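**Q** A single structure is presented below for examination.
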Amino acid sequence: MSDDNEQKCIICRQTFHPYPMGEKNGTILLSCKACGTVMTEPLVTKDELDAYFASIDPQITHVPDPAREIVDMKNRIMRLGKDATAKGKRIIDVAARQGYAIKAAHLLGMKPYGIDSHEFFTRFAQEKYPPELFQNISVMEYADASPEKYDCGIAIEAFCEQPDPDAFVAGLARIIKPGGTMYIEEVDGNNFNLPRNFANWSYVDPPLNFLYLSKKGMEALLARHGFAIQKMFFTWRPMMRFIAVRR
Ligand SMILES: [Zn+2]
């Protein structure tokens, strides 16, 4: 008989056998023994995030070298392949931040659109680039509100700040066309190159981020919503960079 009260990992859905990964910013970090994903305990909620960002009122500035960043974004987008990134193809950046990927896609002749759940980022991007290319909205709300479907998408360090990762990926599945692809870049919470003491890793900074997926966890989460990893790019850094295809 299965125990209905048995806790499941929110990422891989296997029985959750937590492994302590230390503490950061007064928050406990646990990893799932089955998939290796690291997360805060409890996971940060949307209400907590809203309250946190309201309290700090972030002032956004350009990165030190925006031109360089736009070139890097162009290279990332081109990893989606010639067909997906041909002129006129529609691409959505689901964590548009300062707007660099949108600017890059625009330079490639694509039809870009950038959404971000942070109002301060959208405001900044709209001041620097054509404002109609950006919207302050979450993936879930956008999937509900818009009938638009995209040929491809880009998500950079978006998963690590999702209080409801399943709802996020379900939203992605609704805005990317069947057969469409996404370029995803995320920290790898189970990387062989991570500091021995996970909590010492400078990247870890709850509540700004609080979910550090393993590749195994990422694969399981995506698969539940019809995405498969098509191509993984090697990197020495504790990151994962890959193309996912929407079945
Ligand atoms: Zn797991």
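**Q** Run the quick spin-label model on ASP72 and GLN230: label points 7 Å from Cα toward the beta carbon, then report their separation in nm to one decimal.
**A** Between ASP72 and GLN230, the label points sit 2.4 nm apart.
**Q** Using a basic spin-label model with each label point 7 Å from the Cα along Cα→Cβ, how many nm lie between ARG237 and GLN59?
**A** Each label point lies 7 Å from its Cα, and together they span 2.7 nm.
**Q** Mind checking which lysines have their Cα closer than 19 Å to the Cα of LYS111? Skip sequence neighbours fewer than 8 apart in that chain.
**A** LYS74, LYS82, LYS87, LYS89, LYS103, LYS128, LYS149, LYS177
**Q** Let's test the formula: R0 of 41 Å, r as the Cβ-Cβ distance of LEU208 and ASN5. What FRET efficiency results, to the nearest 0.05?
**A** 0.80
**Q** In addition: Just report the Cα centroid separation between region 148-221 and region 117-141, whole Å.
**A** Result: 20 Å between the Cα centres.
**Q** Please give the net charge around GLY171, taking every other residue with its beta carbon less than 11 angstrom from that of GLY171, where Lys and Arg add +1 and Asp and Glu add -1.
**A** That sum, taken over residues with Cβ under 11 Å, equals -3.
**Q** Given +1 on the Cβ of Lys and Arg, -1 on the Cβ of Asp and Glu, and no further charges, what dipole in debye does the chain carry about its Cα centre, rounded to the nearest 20?
**A** Dipole magnitude for the chain comes out near 1400 debye.
**Q** Here is a follow-up. Please give, to one decimal in nm, the separation of the simple spin-label points placed at ASP50 and ARG13, each 7 Å out from Cα toward the Cβ.
**A** 2.9
**Q** Shifting gears a bit: Determine the principal axes of the Cα atoms in region 41-81, then give the extent along each, sorted from largest to smallest and rounded to whole angstroms.
**A** Ordered largest first, region 41-81 gives principal extents of 37, 25, 14 Å.
**Q** Determine the calculated [θ] at 222 nm for the chain from helices alone, applying -39500 (n - 2.57) to every DSSP H run no shorter than 4 residues and normalising by the residue count; nearest 500 deg cm²/dmol.
**A** -8000 deg cm²/dmol
**Q** Another question about this same structure. Mind listing the Cα extents of region 156-242 along all three principal axes, in Å, largest one first?
**A** 40, 28, 18
**Q** A further question follows. Over the chain, what relative contact order in percent results from Cα pairs under 8 Å that are six or more residues apart?
**A** 21
**Q** Under the √(5λ) rule applied to the eigenvalues of the Cα gyration tensor, what semi-axes describe the equivalent ellipsoid of region 94-247? Give them in Å, descending.
**A** Ellipsoid half-lengths, sorted descending, are 25, 19, 15 Å.
The numbers here are math on the coordinates, done by the rules we state, and not lab data. Computed from a predicted model, the values in this text were never measured in an experiment. Quick reminder, even Gly has a Cβ in these numbers, built from the backbone with ideal geometry, and neighbours come from all protein chains shown.
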